[in-house]
Amino acid sequence: MRVAGSHLKQQIVQELEKLPQDKWEEVLDFVLFLRKRSAQIPLVPSVPASHLDPLVGMVAWGGDALAESEGLYDDGH
């Protein structure tokens, strides 16, 4: 993987050298954007699907979601 990464870096530098210098600032802006974006993406912890097993059967198929949600706020009437 290190060799491939090194080759890729060389290829990027070669392509950059082919660009006119007035485009280098645009390339730098894009690289900085990518770094900023990758720093802002939070890592989402994952859990095995089996953690969802207790939720199975909690909601009936074909129920009336509106009536059930209104029942939560009905004050017992």
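All of the numbers you see were taken from the coordinates with simple rules; none came from a lab. It should be emphasised that the depicted structure is a prediction, and the values quoted were computed from it without experimental measurement. FYI the Cβ positions are ideal-geometry reconstructions off the backbone, even for glycines, and counts take in every protein chain you see.
May I ask for the percentage of alpha-carbon pairs in the chain that lie more than 17 Å from each other? When every Cα pair of the chain is considered, 75 percent fall beyond 17 Å.
Bridging of K36 to aspartates and glutamates at a Cα separation below 20 Å is possible for E25, E26, once same-chain residues fewer than 8 apart are set aside. Here the label points at A39 and L66, each 7 Å from Cα along the C-beta direction, are separated by 4.9 nm in the simple model.
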